[in-house]
Amino acid sequence: MNDTFAIVGAGQVAVQAAETLRKLGHTGPIVVIGDENIPPYQRPPLSKKYLAGELPAERLALKPASFFETHRIDLRLGVRATGLDLASQRIRLADGSGVEYAKLLLATGSTPRRLTVPGHGLEGIHYLRTRADVEAIRADLAGARHVVVVGAGYIGLEVAATCRGLGLSVDVIEMSDRVMNRVVAPEISAFYRAEHERAGVRIHTGALLSGFEAATTQPNRVGSVSTLDGPTFAADLVVVGVGVVPEIDLAAGAGLVCENGIAVDEQTRTSDPHVYAAGDCTNHPSLRYHRRIRLESVDNAFEQAKVAAENMLGGHAIHDRVPWFWSDQYDLKLLITGLNFDYDRALLRGNINDRSFSFCYLRDNELLAVDCVNRAKDYMAAKKLIAERARFDLTRLVDSSIPLSEAQIR
């Protein structure tokens with residue numbers, strides 16, 4: 001009888017799921033399949049300390065090599081899963097081999113959204129998702145003076161901050177009217193824009209990218225970036241950060257239900273009873289927010305992986321977690337907990353000029369989400385209060401001398 005548990009994807013989900021499977025007593029084979037040729041590693045430092053050269057490659061590793069040996073995890077690295085046969089419960093690999101499974105966990109993650117404007121294939125235009133991506137960017141940074149970042153989300157702004165720290169000239173092009181527009185209040189967008197501009201980054205919002213032009217002396221390499229009805233920016237290299245798309249090709253090709261990600265239930269099961277999915281690739285129900293969501297979050301990957309592992313062993317665990325996210329830019333730590341769907345007011349705690357404050361998003365005085373800048377105590381309290389659906393006395397809520405937990409209506 002086949003008792004192999006297979007995991008496609010070799011990142012945070014794979015490591016956490018494999019560790020949980022062993023901890024909960026699975027003694028059969030565990031096979032982890034990854035298309036990169038290096039063991040699982042952390043991604044959050046890539047756009048920050050690793051890009052800056054402040055963190056050595058070995059410090060990125062999620063686990064030492066001994067972990068995989070001790071836990072008897074069969075790492076199949078540098079090979080892509082190309083097909084999935086649900087009927088025979090078999091994964092096809094690019095090298096012609098295959099893996100038969102009793103249970104399968106899809107942890108395929110996401111991939112950067114690609115631009116298709118004129119000149120998009122020129123050398124020197126980079127996307128940032130993998131360690132190899134960062135190493136290619138670092139190689140180009142060595143001889144660069146002018147960097148253009150396309151996109152003012154987390155990745156784009158983190159890259160901009162890192163490049164300014166390296167002494168480079170940086171322009172950020174953003175098509176919307178403010179930075180981080182999908183995730184934070186306008187006041188926080190304005191604050192972060194001011195901080196970047198104070199550091200010397202030039203931010204251009206409402207700018208529509210029209211194309212890339214080659215350098216005069218190097219016809220195969222980017223030399224400038226053009227905007228529609230706007231200026232052209234000199235560029236020795238370009239980093240594009242315009243979002244990601246879930247990696248669903250394997251799942252969709254096998255006939256699993258997919259819609260903005262691989263569709264799973266609250267127990268991380270897909271439409272096939274032998275297949276589970278976790279992490280950035282999934283579209284899952286949020287019990288707290290009463291809707292289906294897809295999250296790009298290390299914490300979500302970690303928690304879904306534990307739920308998937310338990311349920312692959314016959315358990316009945318439920319994924320019901322208030323999500324959280326973070327971004328480090330300069331000496332600012334942005335911590336976000338919760339999702340601000342359908343809020344009817346956003347209230348400030350603290351003083352923006354002090355560079356330590358929080359924005360609280362509420363609906364009918366119930367706390368939905370909190371964005372905290374250099375204010376860890378509010379963040380820690382908010383995680384619990386949001387899960388409890390706490391409601392607040394608004395006068396006390398905006399008084400930052402009162403702990404957040406003491407501002408709720410009891």
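The values are calculated or read from the model by the stated rules, or taken from the named source; none is laboratory data. All values derive from a computational prediction rather than experimental measurement. Reconstructed Cβ throughout: ideal geometry from the backbone, glycine too, with neighbour counts over all protein chains shown.
Structure data summary
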quantity	calculated
Of residues in segment 294-325 being touching a Pro at 6+ places or on another chain (Cβ under 8 Å) and either touching a residue at least 40 places away in the same chain (Cβ under 8 Å) or hydrophobic (A, V, I, L, M, F, W, C) (or both), the one farthest from residue 358 (Cα to Cα)	294
Subset of segment 289-323 that is part of a helix (DSSP H, G or I) and small (Gly, Ala, Ser) - its residue that is surrounded by the most Cβ atoms within 10 Å (Cβ to Cβ)	308
Hits in segment 28-69 - residues which are in contact with a Leu (Cβ under 6 Å, 6 or more places away or on another chain) and among the aromatic types (Phe, Trp, Tyr)	41, 68
In segment 336-373, residue surrounded by the most Cβ atoms within 10 Å (Cβ to Cβ) [restricted to those that are among the small types (Gly, Ala, Ser) and more than 30 Å from residue 51 (Cα to Cα)]	369
Any pair with Cβ under 9 angstrom, 6 or more apart, that starts in segment 328-347 at a residue that is farther than 19 Å from residue 152 by Cβ and outside the structural domain of residue 50 (by TED's automatic domain parsing) and ends at one that is small (Gly, Ala, Ser) and in a loop (DSSP other than H, G, I, E, B)	346/185
Matching residues in segment 160-190 - criterion: being polar (S, T, N, Q) and closer than 28 Å to residue 351 by Cα	162, 176, 181, 189
Within segment 24-57, tally of residues that are assigned to a helix (DSSP H, G or I), of a type in the set (A, V, I, L, M) and within 15 Å of residue 13 (Cα to Cα)	0
The one condition in (1) modelled with pLDDT of 95 or more; (2) under 23 Å from residue 321 (Cα atoms); (3) not in a loop (DSSP other than H, G, I, E, B) that residue 395 fails to fulfil	(2)
Residue check, residue 386 assigned to a helix (DSSP H, G or I) and either in the same structural domain as residue 44 (by TED's automatic domain parsing) or at negative phi (or both)	yes
Test: residue in segment 276-288 that is charged (D, E, K, R), crowded, with 17+ Cβ neighbours inside 10 Å and either assigned by TED's automatic domain parsing to the domain that holds residue 165 or outside any loop (DSSP other than H, G, I, E, B) (or both)	no
Strands (runs of 3 or more DSSP E) contained entirely in segment 198-253, each with at least 1 residues that are free of Cβ contacts under 8 Å to residues at least 60 places away in the same chain, surrounded by 14 or more Cβ atoms within 10 Å (Cβ to Cβ) and in contact with a strand residue (DSSP E or B) (Cβ under 7 Å, 6 or more places away or on another chain)	202-205, 222-227
Restricting segment 275-292 to residues that are among the charged types (D, E, K, R) and in contact with a strand residue (DSSP E or B) (Cβ under 7 Å, 6 or more places away or on another chain), the residue that is farthest from residue 111 (Cα to Cα)	292
Filtered residue count, segment 309-327, keeping only those that are more than 30 Å from residue 164 (Cα to Cα), in contact with a helix residue (DSSP H, G or I) (Cβ under 6 Å, 6 or more places away or on another chain) and either assigned by TED's automatic domain parsing to the domain that holds residue 288 or among the small types (Gly, Ala, Ser) (or both)	2
Strands (runs of 3 or more DSSP E) contained in segment 59-177 and holding at least 3 residues out of contact with any Lys or Arg (no Cβ under 7 Å at 6 or more places or on another chain), hydrophobic (A, V, I, L, M, F, W, C) and closer than 30 Å to residue 4 by Cβ	73-77, 103-106
Number of the condition not met by residue 333 [criteria: (1) in a strand (DSSP E or B); (2) buried (at least 17 other Cβ atoms within 10 Å of the Cβ); (3) among the charged types (D, E, K, R)]	(2)
